[in-house]
Amino acid sequence: MTTKILLLSCLCTVLLAAQEIVSLRIKGLRVNGSADARFPIAGLQSRPITIEFDIDETEPPDFRLRLLHCDRDWNVTATSFINDEMRNRTRSPIPFEPAPPGVQQYRFHYTIKLPGFPGIERFPQSGNYVFEIYDEDEKRVLAQGRFFAVEETLVPAMKVSNRSLPSEVNPYNQVNKIEVDCVIPKADSIRGEVLYPLFLTRVDIYRNRQVYNPWRIDASVPNAHAFVDGFGTSKLKFIVNNVTPGNDYRRTDLRNVDEYPIGTTLRPRLGADVSRFLQKPAGDQNGTSTLTTGSRYADYVPFQFELIAESRPYDSVFVVGDFNGWRPSRESLMAYHDQTQRYLSSVSLRRGAYDYQYVVGANDWISLEGNDWRTVNVYTAFVYYRDNRYGGFDRILGRVQRLSPGGSQATSN
């Protein structure tokens, strides 16, 4: 069993780099939780996340799901005590229902809630998890994604304030300062568990629904902008003081069939997008999407994102949103069209309303979108603990969410 897990770990070192659809058989993979921004957070045996996707096949396949517990850096936990090959998988097919009459682009809609499904009635441990959707007949992974299972051993508190970064010029100097306070409780009177402060070293902070490249506060990694007060004691404060708020997301709404008719590639009704580098925030839905359901218009349509940019100023531009997990990747790379001087990307979208944004290069969210204290984000912080049992694994002892304050002035040093 240990050998199996180790081999799986080697394989997933490559696979887990992306939340993605591996096979074209899967359409519209989406993962939502009940937390703010529908961030995919579940309890060990409550507050389930929802995983949904569509397929266009004559008969509904027998799709199953398995889980992989990962460490804080999304490497598969290489111990069979945590990643039990027989336990961390569904015992029955993922439930499905037929597409509404009149829908042309898919025939079945699959939905599963975790925990609480046979085989995964609860999560064995808290931590980072990757799910894999596979065909029971082919034994091949078709899609995968990330979520978090948390416990409530700690009840952290978070404070978000505006800070002016002295080393940068406007608008790059406008940042959020985030402080996460933790108090380690005394030994649990029921389980008798003793938590050791030296093993509580890290907090990761995510913005809205962006589950990649979090801001990291790690006591063991020197950082000029992130540090820990009280490390090694029962009262700790994790601080990061250079979190760029960015700008509110752009938004497109394809639900109106008169404005976006069937039978053609849809384009932005108000014209192509332009840079918003110095534009103020206009409001968004914190990265969420709202899909059309229950009618023949709950279908997929081709939509072309268009961004005007003279003389190709950037080598690579990506368009990201709920439709691709908010992650710049090869699939979300836009092509530059010299004649129209536009970056273009055609995406198959289920009709609905989507927040989206343009990213330059691997992780530049500011050059095209701007950066402004008035942007209001949902920040989610996870407190990690290194548990030395069973060969060692990472737990999430607690989590906290807060909105950034908005406003146009610094409120913190």
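Derivation of every value follows stated rules applied to the coordinates shown; laboratory data play no part. Everything numeric here is computed off the predicted structure, so don't read it as measured data. Neighbour counts are summed over all protein chains in view; Cβ atoms, including those assigned to glycine, are modelled from backbone coordinates with ideal geometry.
Key figures
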| quantity | calculated |
| --- | --- |
| Estimated vicinal HN-Hα couplings, Hz - region 205-210 in sequence order (Karplus 6.51, -1.76, 1.60; Gly, Pro = x) | 10, 10, 9, 6, 10, 7 |
| Linear extension gain, E168 paired with D338, 0.36 nm per residue minus alpha-carbon span | 57.8 nm |
| Within a Gaussian network of the chain (alpha carbon springs, distance under 10 Å), most fluctuating of V150, V383, V103 | V103 |
| The chain: relative contact order as a whole-number percent, Cα under 8 Å and 6+ apart | 18 |
| 28 Å Cα-Cα reach of K139 towards lysines, excluding residues that sit fewer than 8 places from it in its own chain | K4, K27, K113 |
| Where labels lie 7 Å past Cα in the beta-carbon direction, separation of R107 and A362 in nm | 4.3 |
| Beta bridge orientation in region 250-360: antiparallel %, DSSP, nearest 5 | 95 |
| Table column - 3J(HN,Hα) (Hz), region 55-60, Karplus curve with 6.51, -1.76, 1.60, x for Gly and Pro | 9, 10, 9, 4, 10, x |
| Taking R267, R395 and counting other C-beta atoms within 10 Å, the order from fewest to most | R267, R395 |
| Label-to-label distance, nm, for residues given as D229 and V194 (7 Å Cα→Cβ offset) | 2.9 |
| Residues S46 and E85, FRET efficiency given R0 of 25 Å [Cβ-Cβ distance, rounded to 0.05] | 0.50 |
| Read-out Cα Rg over 2.2 N^0.38 Å, derived from the coordinates shown; its label in (1) 1.02; (2) 0.91; (3) 1.08 | (1) |
| Candidates D394, D372, D273: whichever shows maximal mean-square fluctuation once the chain is modelled as a Gaussian network with Cα springs under 10 Å | D273 |
| Calculated from backbone phi, Karplus (6.51, -1.76, 1.60) coupling profile of region 335-345 in Hz, x at Gly/Pro | 9, 8, 9, 5, 5, 8, 6, 9, 7, 10, 8 |
| Bridge type composition, the chain - antiparallel percent by DSSP, nearest 5 | 95 |
| Estimated 222 nm signal from helices in the chain, with DSSP H stretches of n ≥ 4 weighted -39500 (n - 2.57), rounded to 500 | -1000 deg cm²/dmol |
| Spin-label model distance (nm) - T58 vs A353, 7 Å beyond Cα toward Cβ | 4.1 |
